[in-house]
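The values are calculated or read from the model by the stated rules, or taken from the named source; none is laboratory data. These numbers come from a predicted model, not from an experiment. Cβ atoms come from the backbone with ideal geometry, glycine included; neighbour counts cover every protein chain shown. The protein model used for the area step is the full one, side chains on, heavy atoms only, and it has no ligands, DNA or RNA in it. Shrake-Rupley method; radii C 1.70, N 1.55, O 1.52, S 1.80 Å.
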Amino acid sequence: MFVAKSIAADHKDLIHDVSYDFHGRRMATCSSDQSVKVWDKGDDGEWHCTASWKTHSGSVWRVTWAHPEFGQVLASCSFDRTAAVWEEIVGESNDKQRGQSHWIKRTTLVDSRTSVTDVKFAPKHMGLMLTTCSADGVVRIYEAPDVMNLSQWSLQHEISCKLSCSCISWNPSSSRAHPPMIAVGSDDSNVTYSGKVQIYEYNENTRKYAKAETLMTVTDPVHDIAFAPNLGRSFHVLAIATKDVRIFKLLPMRRESANSSGPTKFEVQVMAQFDSHNSQVWRVSWNITSTLLASSGDDGCVRLWKANYMDNWKCTGILRGDGSPVNGSSGHAAALSAVGIPGAAQMVVGAASAGRYFFPHLDSPRAGSRLAHLLPPPSLIEQIYEPDPSHAPQLRQRHAANSIIQPAEHD
Amino acid sequence: MEKMTRVSGTVSGCTMFCHLDAPANAISVCRDATQVVVAGRNIFKIYGLEEDGFVERLNLRVGRKPSLNFSCADVMWHQMEENLLATAATNGAVVTWNLARPCRNKQEQLFTEHKRTVNKVCFHPTEVNMLLSGSQDGFMKCFDLRKKESVSTFSGQSESVRDVQFSIKDYFTFAASFENGNVQLWDIRRPDRYERMFTAHTGPVFCCDWHPEDRGWLATGGRDKMVKVWDMSTNRVKEIYCVQTIASVARVKWRPERRYHLATCSMMVDHNIYVWDVRRPFIPFATFEEHKDVTTGIVWRHQHDPYFLLSGSKDSTLYQHMFKDASRPVDRANPEGLCFGLFGDLAFAAKESLMSAPQSVGDVGRKTYPGGDRRYPIFFFKKPDVTEQFAQVSSALSVFESEAGSSVGMDWFINTAQSYLLSGKPFAELCEHNAQVAKRLNRPQESTTWTMLRIMFSEPANPSLSSNHNLNKSGNLPLVNSVAFDHKTFTFTLFLAARKSLQTVYEDVFLCAENEETEGSEGQAEYLFGDAELDDDDLYSMEHDNQAEEPEYLLPQEAFPLRHEIMDHPSAPEPVQEKPESPHVSGSEAESTCLTPMESFSLISVSQLLFSPHLPPKFFCPIVKEMLCYYAEQGDVQMAVSVLIVLGDRIRKEIDELTQEHWYMSYIDLLQRFELWNVSNEVIKLSTCGAIMCLNQTSTTLHINCSNCKRPMSNKGWICDRCHQCASVCAVCHHVVKGLFVWCQGCSHGGHLEHVMEWLKQSKHCPAGCGHLCEYT
């Protein structure tokens, strides 16, 4: 159940990325108009733009926050072949009065010879590290040896991926059992090169990143990739935005001997595959407990995916980006039948529809797509649901919610 | 393509290239678009443009020892006289060439009036014999090709001239750009003074180009990486468009037949050629990425054909680029941004056209036909060329905020973290408390788990009292079946509910029932065993106070997801229907079950143990371990860690250290995200992993100065060993502070927290009277 709030972003061209900070109170947007804006959530719950500045001399593809332990730090990457690190400066009194903050550039990373398509900070337990990937297929890992000095970054690793890279994602697991791992997606449009997602793992012995896995079943251009927050799991979950949404599960296989030097072998399972966006999927994002996946595609919709108790993923909600005043008031409420906590999962599972999706772990991705076709749209699930009198209060609420969303879905 | 051939008539071809012998400095194309001249320091050749490749037609560098006059900085082919070329030599000479000369040396005229490199030569677009040059020495000269010397000399008095261009529409006007950032407009008849001058760029202006149609528009490019379009037709020169590129702009050329398009290339770093739509100045409309070194010359092949671009480069190649082969950066640009916030809110930015597109999200399976609506014959429409559309676009940003109390939000996590008790009370009370917390937050599964844990690991209560109570209680309950059986089943049901998927639990229940039947033991006695019974009683005794509530141990209805029928399963046992009064079945439809071998195995092992007279807590450890893993894998690391802490030694040895550490780290990280510092600290304190506990012992050293003598405090005592006074005296009450000492980072005065807080309510100044306006944050 969401309330859609439209924000007048006032970017002069496309917005390519939005990013929440660690504590969820700040947001950064970047755009082709070469600027980055920082939004702070005020006490009134509204988002206020507290900084907007020109960051690059080309489209800014991505913006990302560092862990707040390192200060208020942003990194951005751009078509102009650079990535930059920015830090917020406090103490400018006249800026503060206007509600504006001041960001200064700490460094520019100029190693790439082509457009830098993604930038990500490594998980905090690895220290202050920054990763970029570029259109010529090189992933670069930088480290700030002194976390107090954000203007010094040394290039630690260069991984050549052969294919033009579009997105990267760090495995967030902080477990000592999981060596640092990074997944790289390629938007190379040549479908004959298969394996558009490569996974690299740090090898303690060689002190290098080595390819651990290539997801050969991904043959179409990949636009976004996201590891789910690990939260104590022994395996890894990876969401991929390509021509459909895919969720992979990577189970580390037990090593034969503790000191074997090769990269970890993974058992790769396709957990789900959905083409209900009916178009290119541009973004995937996990919620903090990794129970909910959001994806957005060329259909202009955000779809929410959730696994039920059987690891059976399905759509639990569709959000239209109708915060715009075109379709009426900006406070237009888009209520949804989404569920977030494991304990409440059972509420959505309708009597007649639950079992139909039963499938164990899929062996081939094709099976996944076939099953995805079987899924009725969520609105259908709602209607099948037979109200149980003992849960009348909850249901009333949910049906009320439906009556709001249904016009939005069908018009 | 159709349009193109109509416009240009003869121009056709494909993307092609040829190797030159040497790097090119400039290229120029002849009027009918069939030949191109390439000039450089060591090259001066004419190539014919064939359908499928370049063909070398003529080498103009002749003679055994070519003079410096052949070393060209610029070249221009006359647009009216097809045999006439002019080059600007690096030694300051301006040379004209006549291809009609019968001998091998085509050189016609030589003007050596400039003292330094000539950067640019330009023929008048309509006047055959007029040639203009601009040089590094700061002068521009106009030549009449019928005379041996220049007709007039223009002194910019600015600095070196980088470009000169005759206006296409105004007969007498030309523009010149300078290294100091100025652009001047001159009238060819008035060599004494420029008509207009304005500063166009910071740093050198390397190039300029008049718009082929718009009389007043001039595009300029500079080292400041910008391309600016100026409107000269007004009284004040006005900047109407500005394009920011990623490298200094060496050349700029308006695209024919496309009013708002221009092509640029750079002289450093960047080897690509960009075509921009000036109305959307941020993303290149098209990019040609073939060159491996700096592109030095670009020219549109035909003045009325927007699809062919020729370029020469320092990498010694000459390219013909086809527009259809250009890469379009905007196609690869991501039109959407999406991010989940910490509290379950979702920020979403998308191209406005995507959001307003009339799409029905309901019909998922429908495919859109590429040819558009089938009702109309396709040839009725003159489809606009999609590849040439590059309208101004913008994105809409919206935040979907999770409503308070909704299931997508994270309130439950914060509430749970704050309300759970992890230590400080007896085990049973902790479990009971946490069960209540979970129940209050509408998390029945977790609540049940806590209750179960209490039952399993608690010390046995007084047997006589509880057995009595057991009977009473059972009388109140709608348990028609044997009490003991139900309790027993229930214990495992609930327990497995957490351990496994809810699905399998349901089956497990049935299996229990089935086991009972197959073994022919209707009596409940076999299912009763001493400790377990006491455990159950313990449950009741704990619930004693709030009997009025619904039975705690009843699994909420939702916990039983309804099982579908698997048709192809051969032996679906259906024992349930026989006991319609059984509480597990009430409220559910008739269901058939199936069991995987694994499940039945686990159940069998359980049911075997049911007969054992004693059931020590240790018996449950493997199951509890499995349950904790289950919670962790479901993303509820909070539950895993909380149980781990509350159970303490009872379970700790069962789970390997690394996993525990991983859980702790994950939970602490989550708590810190939500700024639940106190809870996080408590968890760190209560943890038993070495790696976690030491988190609290890092960065705990504070170096302080004595508040009297301002010197560093060396020893660990309270007294400064220099001034022999107590260092940490409260500035308000003048007593030594033991415990929390809060101080201002500006003046370093401070004291008891409550004293300082009280003081600051009344005064902004430092309580020590030092006059500092203190800030305690």
Query - Cα centre as origin, Lys/Arg/Asp/Glu Cβ charges: the stretch B:623-760 dipole, Debye - result: 800 debye
Query raised in the report: Amide H neighbours of A:Thr107 under 5 Å, counting only residues 5+ apart in sequence or on other chains, H built in-plane at 1.01 Å?
Result: A:Val85
Query raised in the report: Sequence-distant or interchain residues sharing an amide H contact under 5 Å with B:Val736, placed H: which?
Result: B:Cys730
Report task. Please work out the FRET efficiency for the pair B:Ser763 and B:Asn91, using the Cβ-Cβ distance as r and a Förster radius of 60 Å; give the result to the nearest 0.05. Result -> 0.15
Query - Dipole magnitude of the stretch B:59-134 about its Cα centre (Cβ charges: Lys, Arg +1; Asp, Glu -1), debye to nearest 20 - result: 500 debye
Query raised in the report: So if we plug the beta-carbon distance of A:Thr206 and B:Glu657 into 1/(1 + (r/R0)^6) with R0 = 41 Å, what FRET efficiency do we get, rounded to 0.05?
Result: 0.95
Query raised in the report: By the gyration tensor of its Cα atoms, with a ≥ b ≥ c the square roots of the eigenvalues, what is the shape of the stretch A:13-146: rounded for a/c under 1.5, prolate for a/b over b/c, or oblate?
Result: prolate
Query raised in the report: So what's the net charge close to B:Lys225: Lys and Arg +1, Asp and Glu -1, counting the other residues with Cβ under 13 Å from its Cβ?
Result: +1
**Report entry** Cβ-based charge dipole, the stretch A:147-267, positive-most Cα from A:Gly185, A:Pro263, A:Val197
**Finding:** A:Pro263
Query raised in the report: To the nearest whole number, what is the average tally of beta carbon atoms from other chains within 10 Å of the beta carbons of peptide A:68-81?
Result: 2
Query raised in the report: Hey, what's the stretch A:73-194 come to in accessible area per residue, 1.4 Å probe, Å²?
Result: 41 Å²
Query raised in the report: Among the lysines, which fall within straight-line cross-link reach of A:Lys105, defined as a Cα-Cα distance under 23 Å, with same-chain neighbours fewer than 8 residues apart omitted?
Result: A:Lys12, A:Lys37, A:Lys54, A:Lys96, A:Lys120, A:Lys124, B:Lys225
Query raised in the report: What is the magnitude of the charge dipole of the stretch A:116-225 about its Cα centre, with +1 placed on the Cβ of each Lys and Arg, -1 on the Cβ of each Asp and Glu, and no other charges, expressed in debye to the nearest 20?
Result: 280 debye
**Report entry** Chains B and A together, accessible area buried on both sides, 1.4 angstrom probe, square angstrom
**Finding:** 8900 Å²
Requested in this report: Could you order A:Arg283, B:Arg251 so the one with the most accessible surface comes first? Probe is 1.4 Å.
Outcome: B:Arg251, A:Arg283
Query raised in the report: To the nearest Å, what is the center-to-center distance of the stretch A:1-63 and the stretch B:89-128, using C-alpha atoms only?
Result: 56 Å
Query raised in the report: Ignoring ligands and nucleic acids, what accessible area does B:Met130 show with a 1.4 Å probe (Å², nearest 10)?
Result: 40 Å²
Query - Linear extension gain, B:Asn681 paired with B:Ser423, 0.36 nm per residue minus alpha-carbon span - result: 91.6 nm
Report summary line: Two pseudo-spin positions, 7 Å from Cα along C-beta at B:Arg258 and at B:Asp32, lie apart in nanometres by 2.8 nm
Query - Pairwise label distance in nanometres, A:Ala8 with A:Arg254, each label 7 Å out on the Cα-Cβ vector - result: 6.3 nm
Query raised in the report: How big is the accessible area of B:Asp170 in square angstrom, nearest 10, if you roll a 1.4 angstrom probe over the protein chains?
Result: 50 Å²
Requested in this report: Quote the FRET efficiency, to the nearest 0.05, computed for B:Arg57 versus B:Thr234 with a Förster distance R0 of 45 Å and r equal to the Cβ-Cβ distance.
Outcome: 0.50
Report task. Give me the number: length gained by fully extending B:Glu195 to B:Arg116, i.e. 0.36 nm times residue separation minus the C-alpha to C-alpha distance, one decimal in nm. Result -> 25.9 nm
Query raised in the report: Fully extended, how many nm does the chain gain between B:Asp411 and B:Gln109 (0.36 nm per residue separation, minus their Cα-Cα distance)?
Result: 100.1 nm
Query raised in the report: Looking only at other chains, what is the average number of their beta-carbon atoms within 10 angstrom of each beta-carbon in A:19-30?
Result: 5
Query - B:Leu68 versus B:Lys738: modelled label distance in nm, points set 7 Å from Cα along the beta carbon direction - result: 9.2 nm
Query raised in the report: From the Cα gyration tensor of the stretch B:263-341, with a ≥ b ≥ c the square roots of its eigenvalues, which class applies: rounded if a/c is under 1.5, or else prolate if a/b is larger than b/c, or else oblate?
Result: prolate
Report task. Would you mind putting B:340-348, A:23-31, A:4-12, A:271-279 in packing order, based on average other-beta-carbon counts within 10 Å, highest first? Result -> B:340-348, A:23-31, A:271-279, A:4-12
**Report entry** Residues whose placed amide H lies under 5 Å from that of B:Ser71, excluding near-sequence neighbours
**Finding:** B:Thr90
Requested in this report: Calculate the length of the line joining the C-alpha centroid of the stretch B:246-320 to that of the stretch A:283-303, in whole Å.
Outcome: 39 Å
